[in-house]
Amino acid sequence: MPVRTIAVKVAQWIDRLGAVWVEGQITQINMRPGTRTAFLVLRDTAADMSLSVTCDPELLRNSAVPLQEGSRVVVYGKLQFFTGRGTVSLRITEIRPVGIGELLARIERLKALLAAEGLFDPRLKRPIPFLPNRIGLITGRASAAEHDVVTVATQRWPAVRFEIRNTAVQGATAVPQILEAIAALDANPEVDVIVLARGGGSVEDLLPFSDETLCRAIVSAKTPIVSAIGHEPDNPLSDYVADLRAATPTDAAKRIVPDAAAEMALLRELRERSAAALRGWVDREARALAQLRSRPVLADPLRLLDQRHDEVERLRASAQRAIDHLLSGESTNTRHLREKLTAVGPAATLSRGYAVVQRVSGKERHVIRSIEDAPPGTQLRIRVADGAISAAGLGSLPLGSRPPRKDS
């Protein structure tokens, strides 16, 4: 038979097989963006055998526990034979974590519950004191975590003091003992911060630090609590509810106790920077004062007054000249007017030989303008240039006639 016949018959035979539950370990996950199929490799944990698996990418994305290489799962699906490539694949419609996966799923559900209640809210985190008076340490007896925290903290700050509580850090008795230790340290007024420290371990070993009761006790404590459980990849729920999460116990010691040498160096640096800043400020102010003093108004304060004095003197002289010129002009005008007035006045006329004849009638005097105004016997007053003459009128002659001679 040709290959196509064999391939079709094999595909038909495999298609008659029913759906099956398969347990294994994921060794490869391939999800390409934009595709509708995800490819996995499921390996037997007890033998060197593997099986290709295909599924909808949403099945992996919606898993209760994030699936990654190494996860143990149980899948439900149906075998398929691809005639074009001659390969067999298990098309799955359901996937469930098993063993550790089930524990992780429960932890994830508890994590979602605590997050929904707001226990992971950063606003609930209490600040860690800069230099604790006494550090409460909860860890296993004679453990490496205790040695790391105490040694590193003492090296960084020799005067540091500890209040150590040794408890079980795994197993069924761990949570009650840790809760009792937290309550005792939280009630001690000398303890400023509490450290939960444990070295690395498997997921089962770290389960006590994901216990709901312990998480709520950490949140309820009045004293800040630092979670230093396992190594960097380990993330028990105590890391999320604690006030500070440290990657390792050594990191916890570094983050709660300042380095004395570094602090002294920082103090020296700050003092030098402060002195430099002060010197710079003094220099700037001195330069500013020197610039102010070098300005003309401060270098010679009377200079402007002298300039104004000279200007005032010039203005006064100019005003005096203007007044003198005005008075001179007005004096000339007055003289001219006086000369004109003198020229047309009676005194000038009298000085040329003329006289003013007035008729005296009692106290009244009238200027005689016609011969008719001076009948014979009229008392006359004749005013000349240098005085006045009294006379009596003898009669009048017409204009142009001569008076009679004395000898006739």
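Restricting Ile178, Ile164 to those that are surrounded by 15 or more Cβ atoms within 10 Å (Cβ to Cβ), closer than 18 Å to Tyr240 by Cβ and touching a Leu at 6+ places or on another chain (Cβ under 7 Å) reduces the list to Ile178. Of the residues making up the range 323-380, those that are open to solvent by less than 80 Å² (accessible area, probe 1.4 Å), touching a residue at least 24 places away in the same chain (Cβ under 8 Å) and hydrophobic (A, V, I, L, M, F, W, C) number 6. Selection of helices (runs of 4 or more DSSP H) fully inside the range 220-313 by the criterion of at least 1 residues being modelled with pLDDT of 85 or more and over 30 Å from Glu204 (Cβ atoms) returns 260-294. Taken over the range 78-137, the criterion of being of a type in the set (Ser, Thr, Tyr) and either assigned to a loop (DSSP other than H, G, I, E, B) or within 30 Å of Thr151 (Cβ to Cβ) (or both) is satisfied by Thr83 alone. Please find, within the range 152-161, the residue that is least open to solvent (accessible area, probe 1.4 Å) out of those that are assigned to a helix (DSSP H, G or I) and without any contact (Cβ under 8 Å) to a residue 40 or more places away in the chain. Here the answer is Thr154.
The set of residues from the range 130-170 being aliphatic (A, V, I, L, M) and over 39 Å from the mean Cα position of the chain (by Cα) comprises Leu137, Ile138, Ala142, Ala144, Ala145, Val149, Val150, Ala159, Ile164, Ala168, Val169.
Looking at Asp192, Asp205, Asp211, just one residue is of a type in the set (Asp, Glu) and closer than 14 Å to Leu137 by Cβ, and that residue is Asp192. Is one or more of the residues making up the range 194-216 among the basic types (Lys, Arg), surrounded by fewer than 20 Cβ atoms within 10 Å (Cβ to Cβ) and outside any helix (DSSP H, G or I)? The answer is no; no qualifying residue exists. Being open to solvent by 60 Å² or more (accessible area, probe 1.4 Å), farther than 18 Å from Phe81 by Cα and in a loop (DSSP other than H, G, I, E, B) is the filter here, so list the residues in the range 50-70 that pass it. Listed by number, the residues that qualify are Asn62, Ala64, Pro66, Gln68, Glu69.
For the range 23-49, the candidate set comprises residues that are assigned to a strand (DSSP E or B) and of a type in the set (Val, Ile, Thr); within that set, the residue that is least open to solvent (accessible area, probe 1.4 Å) is Ile26. Cβ-Cβ contacts under 7 Å between residues 6 or more apart (or on different chains), taken from a first residue in the range 307-318 that is on the phi < 0 side of the Ramachandran plot and touching a residue at least 40 places away in the same chain (Cβ under 8 Å) to a second residue that is surrounded by 10 or more Cβ atoms within 10 Å (Cβ to Cβ) and part of a helix (DSSP H, G or I), are absent.
Among the residues of the range 71-89, those that are open to solvent by less than 70 Å² (accessible area, probe 1.4 Å), over 60 Å from the mean Cα position of the chain (by Cα) and of a type in the set (Val, Ile, Thr) comprise Thr87, Val88. Taking the criterion of being at pLDDT 85 or above and in contact with a Gly (Cβ under 7 Å, 6 or more places away or on another chain), would at least one residue in the range 2-10 satisfy it? Yes - at least one qualifying residue is present in the range 2-10.
Scanning the range 233-283 for residues that are touching a Lys or Arg at 6+ places or on another chain (Cβ under 7 Å) and acidic (Asp, Glu) yields Asp239, Asp243, Asp259.
The values are calculated or read from the model by the stated rules, or taken from the named source; none is laboratory data. In this text, all values refer to a predicted model and were calculated from it rather than measured experimentally. Every residue, glycine as well, gets a Cβ built from its backbone with ideal geometry; the counts of neighbours run over all protein chains shown. For the accessible areas, the whole protein counts, side chains as well, though only heavy atoms, and no ligand, DNA or RNA atoms are used. Shrake-Rupley method; radii C 1.70, N 1.55, O 1.52, S 1.80 Å.
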